[in-house]
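The structure under discussion appears below in the form of structure tokens.
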Amino acid sequence: MPPTRTVRRPINEPISAITDESLKVYVDSLTELTDCIRFLRLAEVQQRIHRLKDEAAPELDKEDNIQKLEEALATISAVKDKEIKRLEDEVIGKLAEENKKLKEEARAVEVDKENIRSEKIELDKSQKEGEKKLDEMKKKIEDEGKKYLEREENKLKKKYQDEAETERKNLQERIQDLEKEKTTVDESNKKMKRKLERLDRDRRSLEDENEELRSKLATLNPKMAVSTMSPDEYTGRIKHLHLLMQRFAARFFENVPDEVDLVFGPLGKNNELGEASGIFKYASSGDTPVAISLRKAAVQNLICGQLLPLFESKLLVATSTGGNTDRQDEVILNMISSTLKPDDEKVWRGMTVKALDKLPQFCNKTRVIEQMTQGIVEKLQPLWGANGLEIREKVSEIVEKALEIWSLRRKDSCKITINSKPGPKNDRTWEEWPAVEDPSSVLLDFEFPGNGINGHGHGNSNRNGSVNGPDSPTNFAIPLSPTTPALPKHESFVIFPQITGEFETISNDNSNDATPYNSRKPNVLHPGIALFSDSRMFEMGLRDIRSLQDHVLSHKRGMSSISSPTALTMATGSVQRETPMHG
């Protein structure tokens, strides 16, 4: 907008002479000044505006004075018109000049703004050019870096290729050298192998010669004819055999099969069991501690009886089922052995054992184990139940261990003694089969059934002392009679034999004996276990059988009013079921 032209008036012109046009000019000037000030309120020119204000401060003070004068003139207008007009003109003139200056300054500010805008454009342009140059420099540096890396990589590749080629050539040369060495070593190995084969043939030949010489020497030297095992070795093996027998009896015969449960008399009434062990004549099929203990003792007594012929034989395998020929051969060999001196006997026994082991009829241990196992199992058959196969396996294991001990003793220089006949009472040299502790038991004066042992008869006494025949319905009962004499004596039963051994010990003297083994030291290999004739177990067993019979009889009386096809046959001690005939 073009600046408004200001009409100057005399200062001394009275206020009344001020026209509307003049006032309008004044107001327009002020408005334009205000607009300029608003327009010029920029951050870039604030400093300059402040400076202008400072310069215009005196004039502003004058304006204030003019305002005061105008107020004073209002009261004394009549007197001071000329002065007020003059002052007004001066102020208006000054304001016009100031307005002109402000406009010029505004134009200068616009010029400055334009310059600043131009400078900004130049700066932006310079910045873009700088960024462009920077990108170009980065790209140039990257290109140079890639080229440098490629050059270095090529150098390293060439260097390592040269080194690898050199190493490859060295390896090839080394491989060729090793192949030559391998060829030389192979040839040397072939020579050594041929030499070793020749030496091996020589060694086998020498071993055969040594074996032949050793065999010849063994026939002449008593120390080499037989072996010498320590007592501890025998003790351990015998203890293990006894443990197997104990476990076998406890596992399979603490309880009896259901069909055996129907037997209410002594198990010895069964001919096979009675012949196998006399202890069965005092044992019942019950589950009382006394019955269980006696059954286990009877089973071990049975096995011991079957193994005793083997233990007592020296050179030939002897069993309870063996023929007279084997026993006659053993007697002949024992006679020969007894006529020889100790050293000669060792040499003779070593040669005899070696010869017997080469004869099929004397060295078939499998057949011996099967025969002895069959003999034991058949005698225990009434107590089998459903465990027949497992019982056979365990018995075979026991026989095999016993045969191992016999084989060791057969080739040993020691002298082992088997004692299978305990006395009627324990003389403290044996271990006694433990009696079952039963404080509630009261031993009664039973009359024992005739069993043909120790001179007893074959019949059984009743309560009146009469003898019943085998067909009597009460012939197996054990009656209680206050007039019966004292209990007859029983025999003692061996549960495990007493085994002692005499072992040669090295002599410490300086005598010129042919062999230092010139003294024998006795050792107890097993103290033996027996059920002695004075044991309370016999009376307790018979009392247990009578208690079982009384229980069955009382039960039968209670059932007498009921018609039943069941009949109790006392002669055999078993229950028989009768099926009524129809039609």
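Every read-out reported here was derived from the displayed coordinates using simple, explicitly stated rules and does not represent laboratory data. No experiment lies behind these values; they were computed from the predicted model shown. All Cβ positions, glycine included, derive from the backbone under ideal geometry; neighbour counts span all protein chains shown.
Cα-based Rg of region 15-218 per 2.2 N^0.38 Å, rounded to two decimals?
Normalised Rg, Cα atoms only: 3.51.
Hey, can you rank 22-32, 528-538, 123-133, 369-379 by average C-beta count inside 10 Å, highest first?
528-538, 369-379, 22-32, 123-133
Once amide H atoms are built 1.01 Å from N in the peptide plane, which residues 5 or more positions from Leu525, or in another chain, come under 5 Å H to H?
The list, which skips near neighbours in sequence, is Ile499, Thr500, Gly501.
Could you rank the peptides 425-436, 85-96 by their average count of other C-beta atoms within 10 Å per residue, with the highest value first? Please list the in-between numbers first.
Details: 425-436: 15.3, 85-96: 18.1.
Averaged packing, sorted descending, gives the order 85-96, 425-436.
Which peptide among 251-258, 267-274 comes first, and what is the full order, when sorted by highest mean count of other Cβ atoms within 10 Å?
Peptide ranking by packing, descending: 267-274, 251-258.
Counting other C-beta atoms within 10 Å, which of Ile332, Ile545 has the fewest, and how do the rest follow?
Listing Ile332, Ile545 from fewest to most nearby Cβ atoms yields Ile332, Ile545.
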